[in-house]
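What follows is a set of notes on a single structure, which appears directly below.
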Amino acid sequence: MDFGFSLSPSSAIDLDKVDLSLYRRLEQTVPDIRSCIACGSCSATCMAADYSGMSVRKLILNLQRGADVKKMLSCCMLCGKCTMVCPRGINTRKLILDVCRYYSDNKL
Amino acid sequence: MKESVVIIGGGIAGLEAASQLLALGLSPVIVEKSDHLGGHVAEWYRLFPDLSPAQDLVTHLVSSTSGARIYLETEISRINALKDGYSATLNNGDVLFCKAVLVCTGFHLFDAAKKEEYGYGIYNSVITNRDLEHWFGGLEDARIPDNPRAVGFVHCVGSRDVKAGNTQCSKVCCMTAIKQAIEMKEKFPEAEVYCFYMDLRLFGKKYEDFYISAQRDYGIHFIRGRVSEVSEDIDGRLLVKAEDTLSGKPLKVRLDLLVLMAGMVCSPQTGRIASMVRAEVDDDGFLRSRDNIYSIVESGRKGIFFAGACTGTKTIPETVAEARAAALSAFRYIKEKA
Amino acid sequence: MIYQGKQKIWSDYQKEIPDNHWFYVRSCIRQSFFPASEGHFVKIVRDLLGKDLYETPHHTTCGGIAYHSDTIPQETAMTIVARQFSLMKEAGYKNLVTSCITSFGNYTEILETWREFPELETRIREHLWKACRREFDKPEYVAHASDVVYKLRNEIAEKAKFRLVNHETGEPLRIVEHIGCHYSKMFPHKGVGGAEYPCVLSGMVESWGGKVIDYPERRHCCGFGFRQYLVKANRGYSVSNTHKKFESMEPFHPDLIITNCPGCPYFLDRWQYVISEQTGKTYGQNGHGIPALTYEELAGLVLGYDPWDLGLQIHQVGPEPLLDKMGIAYDPARKYLGLDEKDIMKPGLPTVLKCY
């Protein structure tokens, strides 16, 4: 039956159900990923951020919440500015390359 | 005869001030309403940032005040101004004559049950920071499960909360939460540990190192969002809701234990004592110092001094430093008058 | 769950409810949603328990529904409310009892606003005088009709013919209580038990023999939300909220939902049909739904009134499984007969939800 409206999909994050397999793997290869303080230095300095919505801050947060980051990642130009400004010394370059490797290994 | 100073409150501020006054050749008298010395610190298990036992500090302070007169389970009924000092009448009938009064009435831990949405006293596995310290110290607590899969900490419970009547930051809860989160992770390495915060205020020596370690070495999750609601599911687990403000989405998670970081509020006795010594109460409910930069330990009234959390939220090192400053100020006041 | 902890909160939020002499104002939508509920409230309170309850045909909507739908400003609602107060003054009453939760919220919010801004009250007095030459006194007490039933719950229990107990097993029925948002979320101290753990309905349930279920989304809105529902394109949000509540209460297998708001029982009832059509899922036993009743309907069942006289056939979810559990006899042939025993016509049956 068509009511002209339907149940709205929930945008809420349910931490009991999110898939953290990628994040768990990255915790091993880039342990500093855990120490992000979401300061936004990376996004502020990012060459791609203005035009594409690329943000390493959001990338890490999305990884921690089990969300898909493929689209965002495709905008990165690997210039390395985010690595230079990070106050926590996170190896963002390795992080991005490892995420790419995960997606290609799993043919995602 | 040595000149006497009445110290109201036998917490760490009162004890340290007494110890300094003894060293300066005065005769301090501590009047403590409870049955023990050391105040809140005596109820704590380990202290940040060195994880040193709280009992060591209290034992040290108590032993260094063995020369002072100490009343336990005693309250002040009345304080009268005399020509060259004060007289304090105790509820046991004793009257103490002194040259100066040092107010060290400290703070009161916010009653977490007032934040009804968190269900302290209603849901089985909701406890406070103090309950957790008691448990670390060896007290049994049936609310803490044997093998929790997930544990949460709620920062700012009753702090920075206009509706709870407390606008102040309690200063120590961020660090206490991180300390307790690490201690829980050490006890239960398999458990996921979440800290729900509004802002992390980690200003002191080694605090930031603790935070980095909590993130990197212990994998504690920090979620920037205030918990809005707690409920219990059919298995008795807690369902906690918050906004993950960084991703801008509502978030929920099931926990086996929730620890509420109850903040510091002014002690209910403070107002009563303030009216006895005619000291002013500030608009945050704490005592008003003569000024907040140079004369925090002075009241603006002759011979009335303050030390510790009676004037605002303080860490232990700040309290101890203020107690020393207040002792010295009282000493100079008495000597200059003489 | 620590029951004593809830009792402590309840003792902090005990509002004063007058014993007798009430001026009753009806709801604009309840009479079409639940046509017999208000009538039975009057029957129970006035005729059965012998209290003084007055109502006047001159009273109108309180304007709350228009105010909450953003179609009139609050000053207009205030002037409408001022007129109701003038009717109450005329009739010589001081205790206002509202049938509708949004009315209760509206009256309370207006009185609180006047307390904070007395100049606004003066202006409304002028508006009312200019509009219809009327003057008013503010009520001494404002109660919701569910407060009154809560107050009378033990008197009702004494006269009960049925209890909220499965008559075959002797087990108490598992009951979800749902409080309208405007009851105490705006002013927690105006509601029995406050806003987080209200006991106005749970008190009735316990006094009549049932067991209250506290499920995770208990405090969530029923989904009506005025603007969520009134604009058709937004109805997906409305039904999604209701869906969230049903998913959350499902593991507890509730036998019944009791409510005290006009919108909540309507949406908790009708949306079960829509959800069943959209997802194929039902939440009662054997393909049935969970009956969602008003507190008057439940009081009526407990007191032994005929389920069809109480208007239970108007609900989307069939009440029969509940009646069977409570051991209440009913005549299926009379279900769709009106008060004058004339056929009021049978509705079409849903494809998924079983309704007898």
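Some values worked out for this structure:
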item: Where labels lie 7 Å past Cα in the beta-carbon direction, separation of residue C:69 and residue B:283 in nm; result: 4.4
item: GluC sites (Glu not before Pro) restricted to DSSP loop in segment C:141-222 with at most 15 other C-beta within 10 Å; result: C:168
item: Calculated [θ] (222 nm, deg cm²/dmol) that DSSP helices of n ≥ 4 give over chain B, each run adding -39,500 (n - 2.57); result: -8000 deg cm²/dmol
item: Residue C:60 versus residue C:120: modelled label distance in nm, points set 7 Å from Cα along the beta carbon direction; result: 2.1
item: Mean residue ellipticity (222 nm) of chain C, computed from DSSP H runs ≥ 4 via -39,500 (n - 2.57), nearest 500; result: -12000 deg cm²/dmol
item: Within 10 Å of each Cβ in B:218-229, the average number of Cβ atoms from other chains; result: 2
item: Rounded to 5, the percent of DSSP beta bridges in the protein assembly as shown classed as antiparallel; result: 35
item: Charge dipole (debye, nearest 20) of chain B; +1 at Cβ of Lys and Arg, -1 at Cβ of Asp and Glu; result: 1160
item: Only Lys, Arg (+1) and Asp, Glu (-1) charged, at Cβ; segment A:21-105 dipole about Cα centre in debye; result: 80
item: Links that overshoot a 23 Å alpha carbon limit, given the list A:70/A:107; B:241/C:190; C:185/C:325; B:241/C:185; result: B:241/C:190; C:185/C:325
item: Bridge type composition, chain C - antiparallel percent by DSSP, nearest 5; result: 10
item: Dipole of the protein assembly as shown [Lys/Arg +1, Asp/Glu -1 at C-beta], most positive-end residue of C:152, C:102, A:67; result: A:67
item: With at most 15 other Cβ atoms within 10 Å, longest stretch of chain B clear of loop chymotrypsin sites (Phe, Trp or Tyr not before Pro) (DSSP); result: B:1-202
item: Within-14-Å neighbourhood charge of residue C:89 [Cβ basis; K, R +1; D, E -1]; result: +2
item: FRET efficiency for residue B:23 and residue B:163, using Cβ-Cβ distance with R0 set to 41 Å, rounded to 0.05; result: 0.35
item: Given charges at beta-carbon only (K, R positive; D, E negative), |dipole| of segment B:112-264 in Debye; result: 600
item: Added length on full extension, which subtracts the Cα-Cα distance from 0.36 nm per residue, residue C:132 to residue C:31; result: 33.6 nm
item: When the convex hull of its Cα atoms is projected in every direction, mean area for the protein assembly as shown (nm²); result: 43.5
item: Cα lying deepest toward the dipole's positive end in segment B:1-104, options B:23, B:37, B:12, charges on Cβ; result: B:23
item: Relative packing of C:187-195, A:6-14, which averages over residues the other C-beta atoms within 10 Å, highest first; result: C:187-195, A:6-14
item: Whole-angstrom gap from segment A:4-43 to segment C:19-40, using each part's C-alpha centre; result: 50
item: Residues listed by number, segment C:12-33, amide nitrogen under 12 Å from residue C:46 label point at 7 Å toward C-beta; result: C:22-26
item: Antiparallel bridges, percent of DSSP beta bridges restricted to segment B:112-264 (to nearest 5); result: 45
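Rule-based calculations on the coordinates, nothing more; no lab input. From a predicted model like this one, the values you see are computed outputs, not experimental measurements. Every residue, glycine among them, receives a Cβ derived from its backbone with ideal geometry; neighbour counts consider all protein chains shown.
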